[in-house]
Each structure stands twice: as C-alpha cells, then as structure tokens.
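Let me begin by presenting the structure, written as structure tokens, before commenting on it.
The values are calculated or read from the model by the stated rules, or taken from the named source; none is laboratory data. What you are looking at is a predicted structure, and each value in this text was computed from that prediction instead of being measured. Positions of Cβ are generated from backbone atoms using ideal geometry, with glycine treated the same way; all protein chains shown enter the neighbour counts.
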Amino acid sequence: MSEPKPNVETEPADTESVACIRINASEIKAKDPRLLLLEAIDEALGDLLGRRAREAIYDHLERKCYMAREEMPQRLGEFCDILHDNFGKAGTTIERTIAKRFYSRLEKRFIDYPGYGLVDYVEKASSQPSQRTIGLPITTTTVTTYVFPGQMGQA
C-alpha cells in the first residue's frame, strides 16, 4: 500500500526529493525589454533634466504628440525625433544616455558606435544574446520515489 500524496496546498512536500523555485510575477515582468526601456527612459530623463522636466516632457508627448508614456517602446523612432526637435544636438546625448541605461538593465556591455541612435542600439540589443550567463536553463522536474517491500535498505 503506498503512502498518500501530500496535499499541495496544505502539506509540504518531501524536501529531500523535491526542489522548489519560487519566482515572483514582478521578477518575470521586470525582464520584459519594453519595461526595461521605459525604466531607462525614466531614469535618464530624470537624471539629465530633473523629475519635473521629465514629467513636463511626458505631458507634452501626451497632449501635443498623442503618445502615452507606455507607447514609447513601440513608437521609439517618433520619440527620438521629438527629442531632437525639442533639444537639438542634446537629443543625441539623451538618446545615448537612455541606451546606456537600457543596456545596463539588460546586463549587456554598451559599446558606443558613431552614428548610432537609440533605435539602433535597441535593435542591436534585441539581436544579441545576453552576455551574462548563469549556466544551464532552469527546468522543472518532479521526482517520485517508490519503495517496495523488501527494498528498504537498497538504493
């Protein structure tokens, strides 16, 4: 007669035969490149121009350009054009700073290429594998051990 399986919701599993990895939904979401790009934009604009100026830029984008903050990754070329229209040559500096922050969040090494803009850096980042490797990919495996009478000492 076999032992009853533990109730997954109420009883802990045998810790010697099962490894459990808990991943928060926010950790998975944080790896989304679009969200990482938005965070990089927020941080770069805030550091370069200040929090109030960043909010004014977002307000301008929404009212005059009909671009919500969340749409920036999908409309990145338009966002860069608006930066250049409003900041001139400084738009290039802002783009490069955003790209550096984005690469940092992706844990990739940033290389400054002459003539590259933010769109180019984002495209390059998405075509490269991450330079940081942890090892083998994590997989989930369930191990069930059956013990038959007369085999108690054998393993």
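What to note about this one:
- Within segment 30-62, the residues that satisfy the criterion of being in a helix (DSSP H, G or I), within 22 Å of the chain's Cα centre (by Cα) and among the acidic types (Asp, Glu) are Glu39, Asp42, Glu43, Asp47.
- Subset of segment 110-120 [in contact (Cβ under 8 Å) with a residue 24 or more places away in the chain and either over 16 Å from Asp81 (Cβ atoms) or of a type outside the set (Val, Ile, Thr) (or both)]: Gly117, Leu118
- Only a single item in (1) of a type in the set (A, V, I, L, M, F, W, C); (2) surrounded by fewer than 17 Cβ atoms within 10 Å (Cβ to Cβ); (3) at pLDDT 60 or above; (4) more than 13 Å from Val122 (Cα to Cα) is not met by Leu61, and it is number (2).
- Residue within segment 102-114 that is buried (at least 18 other Cβ atoms within 10 Å of the Cβ), closer than 21 Å to Leu35 by Cα and of a type in the set (Ser, Thr, Tyr) present: yes
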